[in-house]
Amino acid sequence: MQFHSQRQMIADEVHARPFQHLSAPLKVLHFALMLEEKSISEVRNDISEFFVACGGQAMEPGASFCYQQLETLALRWEAHTEFYTLTLYHNQLDNSWEQTLPGLPDNWNDQLPGELIAGVQIQVLAPSAEGDEQMAKDLFKNNQYIGSNVMRGAARVWTDFRAEGEFFLDRILVKNIDMHGYQCGRLIQRLCEIDTYRAVALLGIEPARKVMQKVTKLDRELAEITVKLSELEKGDESDTLDALMALSAQAEEISADTVNRFSASDAYYALVRMRISELEEIRIEGLQTLEQFIERRVDPAMRTWRAAAQRLERLSQRIARASNLLRSRVDLSTEQKIHGLLSSMNKRTRRQLNLQAKLETFSIIVVTYYLFDLVERTIRHMTTGEPREMAINWLSYSLPGIVLLVWWYVRRVTKEFKSDD
């Protein structure tokens, strides 16, 4: 028995991104940064230097995930297709919402490559903490905030999903009621992923708005071309076909520029919904749940880029129908021209056959003359005296028969042509 070359990779993938064992009190900073033009290997090297500056170890080459536990600080890095996430954990809660942690080097944020697309600050209160409801009200002040019991009532979460502070991070307050270590780790990870995937999914909204404007313009152009199509005279289809080809090229260019973004947004939003369902929310009277908030605020954006993709698809279909209609018109015009050419050729052929039929009588006379002359000459050279005179007389009497024989032969040869005529 031999091992498959990818067996170990498949086994390791199942445990590639484990949940951490966490406990309250806890402060978490989570950042999602776009890769921009940097490769993942360059980002990995920069983050590895950041880990070393924090007192950790350099990452292994080729790693897509790394978690390191230091004295009071824990670091977690994870690579994705178009962005990466960095999560910082500190197990000493000071009740402040400053967006930094003890143990980080000076100007630590300047060492992080990429552009910040999303971030969240989470504080986890211990079960013994009191006044959590008032703390939530004081934290979010006059902002409308949401909250729910999660993990089947093992914890309580409050947030307003508003970017605040130095790095414009969303703030989430979590009250640990009865969570064990890995359960707390799962909750923190899911909250971070909801915030990250929600932000990245919304990257599709701006391209969708631009696509809507472009598609509206192309729709008007297509309508004008379609109206002109019904007014075209024969032979004027070339310019219209060029216009349709240019329109189709623009639609395909827009589709090529946006299809990946729309597909990615759909995939990220599906992850958001999945992570929310994993929270197992229980509604708190008077507050929206996270699921209700996301559906109300993000669903319209999702419908926008889906509507843009559908409008673009319908535009391509309409261009294809107009092109088929124009192509049918060109084909019909071509068939009519070919039909006219064939009719003209048939007329010329009929005239030739008619001329041939008129010359048929003359041909019979000529053939009869030469045949009679040939037989007479033969008789004169091969016989003498009275037999020659008798043979010539009989030849003269048989002249009508020779004429009929020649006429029958000529008619037989030209019979096929006359039947086609």
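The values are calculated or read from the model by the stated rules, or taken from the named source; none is laboratory data. Since this is a predicted model, take the numbers as computed values, not measurements. Using ideal geometry, Cβ is built from the backbone for each residue, glycine included, and neighbour counts are taken over all protein chains shown. Just so you know, the surface numbers come from the protein's heavy atoms only, side chains and all, with ligands and any DNA or RNA stripped out. Shrake-Rupley method; radii C 1.70, N 1.55, O 1.52, S 1.80 Å.
Is it the case, given these coordinates, that LEU332 is among the aliphatic types (A, V, I, L, M) and surrounded by 12 or more Cβ atoms within 10 Å (Cβ to Cβ)? Criteria not met by LEU332. The set of residues from segment 230-259 being buried (at least 18 other Cβ atoms within 10 Å of the Cβ), polar (S, T, N, Q) and at pLDDT below 85 comprises just one member, THR240. Each residue in segment 141-160 was checked for being under 23 Å from ASN91 (Cα atoms) and in contact with a strand residue (DSSP E or B) (Cβ under 7 Å, 6 or more places away or on another chain), and 8 pass. Residues in segment 298-316: is at least one assigned to a helix (DSSP H, G or I), open to solvent by less than 30 Å² (accessible area, probe 1.4 Å), out of contact with any helix residue (DSSP H, G or I) (no Cβ under 7 Å at 6 or more places or on another chain) and farther than 30 Å from THR334 by Cα? Scanning segment 298-316, I find at least one residue that is assigned to a helix (DSSP H, G or I), open to solvent by less than 30 Å² (accessible area, probe 1.4 Å), out of contact with any helix residue (DSSP H, G or I) (no Cβ under 7 Å at 6 or more places or on another chain) and farther than 30 Å from THR334 by Cα, so the answer is yes.
The test for being of a type in the set (D, E, K, R), at pLDDT 80 or above, in a helix (DSSP H, G or I) and surrounded by fewer than 12 Cβ atoms within 10 Å (Cβ to Cβ) holds for ARG348. Taking each residue of segment 125-151 that is farther than 22 Å from ARG297 by Cα and looking for partners that are modelled with pLDDT under 80 and among the charged types (D, E, K, R) with beta-carbon atoms closer than 9 Å, six or more apart or interchain, yields LEU125/ASP132.
For ARG303, the conditions (1) at pLDDT below 85; (2) under 26 Å from the mean Cα position of the chain (by Cα) are fulfilled apart from (1).
With respect to (1) open to solvent by 40 Å² or more (accessible area, probe 1.4 Å); (2) not in a helix (DSSP H, G or I), the lone exception for VAL227 is condition (2). Scanning segment 137-153 for residues that are modelled with pLDDT of 85 or more and open to solvent by less than 60 Å² (accessible area, probe 1.4 Å) yields LEU139, PHE140, TYR145, ILE146, GLY147, SER148, ASN149, VAL150, MET151, GLY153. Restricting attention to segment 83-111, the residues that are open to solvent by less than 50 Å² (accessible area, probe 1.4 Å) and within 44 Å of the chain's Cα centre (by Cα) total 12. How many of the residues in segment 48-74 are assigned to a loop (DSSP other than H, G, I, E, B) and among the polar types (S, T, N, Q)? Here the count works out to 3.
Of the residues screened, ALA53 is one that is surrounded by 13 or more Cβ atoms within 10 Å (Cβ to Cβ), over 26 Å from ARG156 (Cα atoms) and among the small types (Gly, Ala, Ser).
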